[in-house]
């Protein structure tokens, strides 16, 4: 099952509805890119107006977080791309908003436990991408975005050649997945008998853990999907 589709024309993500036969509780997943068109974020906000509970990511401010996301900010600064860093106006919605992510201090402390060579390698890679984008502009960057498809299961290439060093992936992805799943399991345990919609608004990479985690122990299955266009390449 494809979560992100990228080709020569556009990048899309799929909104997924997960439900099980004996429960009225619905989980709706929104795999979020960290950068996209303003129209995309407006459409997601419009759809979130139907949710009763929103579970969203949001690590608090930290030096490590700022360094890890600098490439997104550089992309948003390129006027030719007409893109923006992820922004959703939760204040305009009536749903309960839950953020299971760590605080900035917690994330910074965990980052410092990663071996130095892995931290240097990761930040060096991000710095190189940012520098290249600023040097060569949006046309070079689009070649990267056009190869950003993502399925619900890792490909052989991802297994053999992971993008992030192992300890970085554990802190940035795996530990945050665990926090997210604990929150979703708690919602299931307490509110499975209620006809509510729980929107899960997290980075696309986290959706692999969500689809697997809700399916295996609790029996939630994908019942429907709807593609949303993140950006279009002119």
Practice item. Give 100, 31 a once-over and let me know the one that is part of a loop (DSSP other than H, G, I, E, B), buried (at least 17 other Cβ atoms within 10 Å of the Cβ) and at pLDDT 90 or above. Key: 100
Practice item. Would you check if there is a residue in the stretch 105-116 being assigned to a helix (DSSP H, G or I), modelled with pLDDT under 95 and closer than 21 Å to residue 30 by Cα? Key: no
Practice item. Output the qualifying pairs, or none if there are none: Cβ atoms under 9 angstrom, residues six or more apart or on different chains, first residue in the stretch 56-72 and without any contact (Cβ under 8 Å) to a residue 12 or more places away in the chain and at negative phi, second residue surrounded by fewer than 18 Cβ atoms within 10 Å (Cβ to Cβ) and not in a loop (DSSP other than H, G, I, E, B). Key: 66/73
Practice item. Those residues that are at pLDDT below 90 and buried (at least 19 other Cβ atoms within 10 Å of the Cβ), I need them from the stretch 38-61; list them, please. Key: 59
Review point. Does any residue in the stretch 215-234 that is in contact (Cβ under 8 Å) with a residue 40 or more places away in the chain and at positive phi come within less than 8 Å, Cβ to Cβ, of a residue that is surrounded by 15 or more Cβ atoms within 10 Å (Cβ to Cβ) and assigned to a loop (DSSP other than H, G, I, E, B) six or more places away or on a different chain, and which pairs are these?
Key: 219/20
Practice item. May I ask you to list the residues in the stretch 198-209 that are in contact with a strand residue (DSSP E or B) (Cβ under 6 Å, 6 or more places away or on another chain) and either part of a helix (DSSP H, G or I) or more than 21 Å from residue 86 (Cβ to Cβ) (or both)? Key: 204, 207
Point to revise | Residues that are outside any helix (DSSP H, G or I) and closer than 13 Å to residue 19 by Cβ, drawn from the stretch 178-193 | key: 192
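The values are calculated or read from the model by the stated rules, or taken from the named source; none is laboratory data. Please read these numbers as outputs of a predicted model, since none were measured by experiment. Every residue, glycine as well, gets a Cβ built from its backbone with ideal geometry; the counts of neighbours run over all protein chains shown.
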